[in-house]
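Enquirer: This is the structure I want to talk about, given as structure tokens.
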Amino acid sequence: PRQSGSSLSVSYILPNSSPLVIEQQVTSKIEAALNTLQGVKDIKSNSGYSYGFVNIELDNKTNLDQLRFEVAMLIRQIYPSLPKEVSYP
């Protein structure tokens with residue numbers, strides 16, 4: 001049988017913003033930070049009107065709790081560079 005990996009999502013809102021603004025000012029920055037993580041199999045994102053999210057698919061061997069901690073640390077580091085109106089991811 002094929003074993004599926006775990007996943008983790010990061011979501012956020014930026015009121016009254018177009019998908020292009022969300023992508024340029026938030027999603028791309030979060031994706032860039034998350035691309036530095038070890039144990040990530042795939043990263044997919046979606047930017048819509050006033051919202052966005054990034055889904056991280058993990059390798060089967062990746063420790064989810066450890067990765068969650070690393071994601072939280074990265075978010076804390078980049079949050080000051082995001083628009084002031086964006087919710088905390």
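Enquirer: At 1.4 Å probe radius, can you tell me the per residue accessible area of the chain in Å²?
Expert: Roughly 64 Å² per residue, with all protein chains present.
Enquirer: Apply the Karplus parameterisation 6.51 cos²θ - 1.76 cosθ + 1.60, with θ equal to phi minus 60°, to every residue of the stretch 33-49 and state each ³J(HN,Hα) to the nearest whole Hz, in sequence, with x for glycine and proline.
Expert: Karplus values, whole Hz, x for Gly and Pro: 5, 6, 5, 7, 6, 7, x, 8, 8, 7, 10, 10, 9, 8, 10, x, 6.
Enquirer: How tilted is helix 64-78 with respect to the longest principal axis of the chain? Cα atoms for both, answer in degrees (0 to 90, nearest 10).
Expert: Taking the Cα atoms of the chain, the angle to 64-78 is about 20 degrees.
Enquirer: I've got another one for you. Before rounding to the nearest 500, sum -39500 (n - 2.57) across all DSSP H runs of length at least 4 in the chain and divide by the residue total; then give [θ] at 222 nm in deg cm²/dmol.
Expert: Calculated at 222 nm, the ellipticity per residue is -8000 deg cm²/dmol.
Enquirer: To the nearest 20 debye, what charge dipole does the chain have about its Cα centre, counting +1 at the Cβ of each Lys and Arg and -1 at the Cβ of each Asp and Glu?
Expert: It comes to approximately 80 debye.
Enquirer: Could you give the length gained on full extension between residue 43 and residue 77, defined as 0.36 nm per residue of separation minus the Cα-Cα distance, in nm?
Expert: 10.3 nm
Enquirer: Once the piece of chain linking residue 69 and residue 6 is laid out straight, how much longer is it, given 0.36 nm per residue of separation minus the C-alpha distance between them?
Expert: Between residue 69 and residue 6, full extension yields 21.2 nm more.
Enquirer: How much of the accessible area of the chain, probe 1.4 Å, is carbon plus sulfur, in whole percent?
Expert: The nonpolar share, carbon plus sulfur, comes to 50 percent.
Enquirer: Using label points projected 7 Å from each Cα along Cα→Cβ, tell me how many nm separate residue 55 and residue 35, to one decimal.
Expert: 2.0 nm
Enquirer: Quick one: Karplus J couplings for the stretch 55-63, per residue in order, coefficients 6.51, -1.76, 1.60, θ = phi - 60°, nearest Hz, x for Gly and Pro?
Expert: 3J(HN,Hα) across the stretch 55-63, in whole Hz: 9, 10, 9, 9, 5, 4, 8, 6, 7.
The values are calculated or read from the model by the stated rules, or taken from the named source; none is laboratory data. Note that the structure is a prediction, hence the values are computed from the model and not measured. Backbone-built Cβ (ideal geometry, glycine too); neighbour counts: all protein chains shown. Note: areas computed on protein heavy atoms with side chains; ligands, DNA, RNA excluded. Shrake-Rupley method; radii C 1.70, N 1.55, O 1.52, S 1.80 Å.
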